[in-house]
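The block underneath contains the structure these notes are about, expressed in structure tokens.
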Amino acid sequence: MAQTAEKNIRVTPEQWKRIEKEAERREKSPNRLVVELAMEALERREWPRTEAEIHLLRSAMFAAQAIVRDMERAGWEEAIAKISRNISEGAPEKSRKSERVWFAGAI
């Protein structure tokens, strides 16, 4: 068994009741549940964090693809290139690579 450290955290009685209820439902100890959920949250801090964000991203990609196709048919290639540059310049450093990938996929 891994070496463990004993630490104290403060929670309200209502929070602890909720934790106990969920732990019982999952057949775990409340302490184990808190640690597992905290570790999962730390590991999943990168975007997208939730299924809702993934769904939103997919919807945005679909819309972007439809818009780009319409713009190409209308002969607006220069506008498409400008939008792509603006996205690349405005995206935060961490997400810049993924932004380019999904927008390039839309084109």
Checklist entry - Ignoring ligands, DNA and RNA, how do Glu24, Glu40 rank by accessible area with a 1.4 Å probe, largest first? => result Glu24, Glu40
Next on the checklist: For region 19-58, compute the orientation-averaged projected area of the C-alpha convex hull (one quarter of its surface), in nm².
Outcome noted: 3.3
Checklist outcome for this item: In nm, the gap between the two label points placed 7 Å beyond Cα toward Cβ at Leu56 and Arg10 is 3.3
Next on the checklist: Two decimals, Cα atoms only, Kirkwood Rh: what is Rg/Rh over region 1-44?
Outcome noted: 0.99
Checklist entry - Hey, how many Å between the Cα centroid of region 69-85 and the Cα centroid of region 1-54? => result 47
Item to check | Computed accessible area, Thr4, all protein chains, 1.4 angstrom probe, square angstrom | outcome: 110
Checklist entry - What is the extension gain from Ala74 to Glu24, computed as 0.36 nm multiplied by their sequence separation minus the C-alpha to C-alpha distance, in nm to one decimal? => result 12.0 nm
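The values are calculated or read from the model by the stated rules, or taken from the named source; none is laboratory data. This one's a predicted model, so the numbers in the text were calculated from it and none came from an experiment. Positions of Cβ are generated from backbone atoms using ideal geometry, with glycine treated the same way; all protein chains shown enter the neighbour counts. Please note that ligands, DNA and RNA were not included when accessible areas were found on the heavy atoms of the full protein model with its side chains. Shrake-Rupley method; radii C 1.70, N 1.55, O 1.52, S 1.80 Å.
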